[in-house]
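**Q** What follows is a structure written as structure tokens; I'll ask about it next.
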Amino acid sequence: MLSNHASRASTPAFYEVVPGLHALRDVFVNLYYVAVAPGQPRSPWVLIDAGLPGSATKIKRHAEAVFGANNPPVAILLTHGHFDHAGGLGGLLAAWPGVPLYAHPLELPYLTGRSSYPPPDPTVGGGLMAWNSFLYPKSPYDFNGRVQELPADGSVPGLPGWRWLPTPGHTAGHVSFFEPVRKVLVAGDAFTTVVAESGLATLSQKQVLHGPPAYFTPDWDAARTSVRHLADLAPEVAATGHGIAMHGETLRRALRTLGEYFDQLARPRAGRYAHEPAVADASGVRSVPPPVVSTWVKGLAVAGALLTIAGLALAGRKKKPKTYRAPYRDHPARPSRSLARQSPRGARPAGPHLPEA
Ligand SMILES: [Zn+2]
Ligand SMILES: [Zn+2]
């Protein structure tokens, strides 16, 4: 596992990743402020992603602290439209009526009320964030009249010198943003720098390079290609949707390893989308594999049985009840992924964190 030991304790919620790029951690998701003229007061700027629902006031407050009052962004860009990246848009678009919003054409169905995303798969990832994913908002946003397609030539509105790159897999229209001179990458959820499925890791923000959030990723072949493409860019810094930004050779080595061993490190071995993707086009989701009902139901049945046994045992012994340990430790849909047993070299490579039980 490669880590520079950054954590929530040492990294504030709002910080400057590199000159001109500020990050705001909104509970568990990041959004980014990019200055067109770093260091200049009241620089023009662009917002990348928009946090959780209800976050507009917080986002604007930090913008004013850096870029001054009454200085709205030149544009808002979305890496993708999941609720934790587009949640604050309603308030922001109302506050900034003339500011355009951009996303990839394949993301527009989910931002114009035409389609919901493929349903999450709570059986993969093996953490509190994954297990709760069936509770996350599902209805598509509708920003008709405000959202428009990113330019087809790869340029980025408001950010001269930056490029947008298609990085599908986590969503069909997922994009990353890259500045090739300083090699600054804003990668959304193409990969993360925290174990995004784990509630504990999300709280601590313990820094490790990791695949895209598994419960929300419906096309693992595309996600692998995207990670390899981003690794080929050899970024100097990666600012992701979840986790603290990573830098330098630590980042590059971990990203190369993630790309090379993506199926062992990131791809679920079982689960709804593990071997068959959701299919989507410009009108939205066309088909999804069937849910993993049997596995999920089996898990619930095992949980119920263990709860009953534990309750009976405790009642019989008349002792103070102990904390119940969730049965998912040996859940069949949550395989151990120790690369020591998977690597063709027979040893865990230096690189991304291997999520373990
Ligand atoms: Zn996402
Ligand atoms: Zn996300």
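**Q** Return the residues of segment 5-37 that are without any contact (Cβ under 8 Å) to a residue 24 or more places away in the chain and in contact with a Leu (Cβ under 8 Å, 6 or more places away or on another chain); say none if nothing qualifies.
**A** The one that is without any contact (Cβ under 8 Å) to a residue 24 or more places away in the chain and in contact with a Leu (Cβ under 8 Å, 6 or more places away or on another chain): Ala13.
**Q** Which residues, counting only those in segment 261-283, are without any contact (Cβ under 8 Å) to a residue 60 or more places away in the chain and open to solvent by 40 Å² or more (accessible area, probe 1.4 Å)?
**A** Within segment 261-283, Asp263, His275, Glu276, Pro277, Val279 meet the criteria.
**Q** Determine, yes or no, whether Tyr273 is of a type outside the set (S, T, N, Q) and either modelled with pLDDT under 95 or within 16 Å of ligand 1 (Cβ to nearest atom) (or both).
**A** Yes.
**Q** Scan segment 21-61 for residues that are open to solvent by 10 Å² or more (accessible area, probe 1.4 Å), aliphatic (A, V, I, L, M) and within 27 Å of Lys183 (Cβ to Cβ) and report the count.
**A** 3
**Q** Collect the residues in segment 86-100 that are of a type in the set (Gly, Ala, Ser) and open to solvent by 30 Å² or more (accessible area, probe 1.4 Å), keeping them in residue-number order.
**A** Gly90, Gly91, Ala94, Ala95, Gly98, listed by residue number.
**Q** Of the conditions (1) modelled with pLDDT of 95 or more; (2) more than 21 Å from Phe177 (Cβ to Cβ); (3) assigned to a loop (DSSP other than H, G, I, E, B), Ser10 clears all except one; give me its number.
**A** Going through (1) modelled with pLDDT of 95 or more; (2) more than 21 Å from Phe177 (Cβ to Cβ); (3) assigned to a loop (DSSP other than H, G, I, E, B) one by one, Ser10 breaks only (1).
**Q** Return yes or no: is Gly88 more than 25 Å from Ala266 (Cβ to Cβ), under 21 Å from the mean Cα position of the chain (by Cα), in contact (Cβ under 8 Å) with a residue 40 or more places away in the chain and within 16 Å of ligand 2 (Cβ to nearest atom)? Lay out the reasoning, then the answer.
**A** Values: more than 25 Å from Ala266 (Cβ to Cβ): yes; under 21 Å from the mean Cα position of the chain (by Cα): yes; in contact (Cβ under 8 Å) with a residue 40 or more places away in the chain: yes; within 16 Å of ligand 2 (Cβ to nearest atom): yes.
Criteria met by Gly88.
**Q** What are the residues in segment 62-85 that are in a helix (DSSP H, G or I), without any contact (Cβ under 8 Å) to a residue 40 or more places away in the chain and open to solvent by less than 40 Å² (accessible area, probe 1.4 Å), if any?
**A** Within segment 62-85, Ala63, Phe67 qualify.
**Q** Tell me whether segment 150-167 contains one or more residues that are within 12 Å of ligand 1 (Cβ to nearest atom) and not hydrophobic (A, V, I, L, M, F, W, C).
**A** Looking for residues that are within 12 Å of ligand 1 (Cβ to nearest atom) and not hydrophobic (A, V, I, L, M, F, W, C), one finds at least one in segment 150-167, hence yes.
**Q** Would you mention how many residues in segment 136-179 are open to solvent by 70 Å² or more (accessible area, probe 1.4 Å) and more than 23 Å from Gly113 (Cα to Cα)?
**A** 3
**Q** Would you mention how many residues in segment 245-260 are part of a loop (DSSP other than H, G, I, E, B) and open to solvent by 10 Å² or more (accessible area, probe 1.4 Å)?
**A** Qualifying residue count, segment 245-260: 0.
**Q** How about segment 86-128: which of its residues are within 14 Å of ligand 1 (Cβ to nearest atom), assigned to a loop (DSSP other than H, G, I, E, B) and aromatic (Phe, Trp, Tyr)?
**A** Result: Tyr117, single match.
**Q** Taking the condition of a type in the set (Gly, Ala, Ser) and under 30 Å from Leu265 (Cα atoms), does Ala35 pass?
**A** When the stated conditions are applied, Ala35 does not pass them.
**Q** Restricting to segment 175-189, and then to whatever is part of a loop (DSSP other than H, G, I, E, B) and in contact (Cβ under 8 Å) with a residue 60 or more places away in the chain, can you tell me which residue is farthest from ligand 1 (Cβ to nearest atom)?
**A** Arg182
**Q** Quick test for you: out of Val17, Val46, pick the one residue that is within 22 Å of Leu106 (Cβ to Cβ), assigned to a strand (DSSP E or B), modelled with pLDDT of 95 or more and away from ligand 1 (no atom under 16 Å from the Cβ).
**A** Val46
The values are calculated or read from the model by the stated rules, or taken from the named source; none is laboratory data. Since this is a predicted model, take the numbers as computed values, not measurements. In this analysis, Cβ positions are derived from the backbone assuming ideal geometry, glycine residues included, and neighbour counts consider all displayed protein chains. With ligands, DNA and RNA removed, areas are computed over all heavy atoms of the protein, side chains included. Shrake-Rupley method; radii C 1.70, N 1.55, O 1.52, S 1.80 Å.
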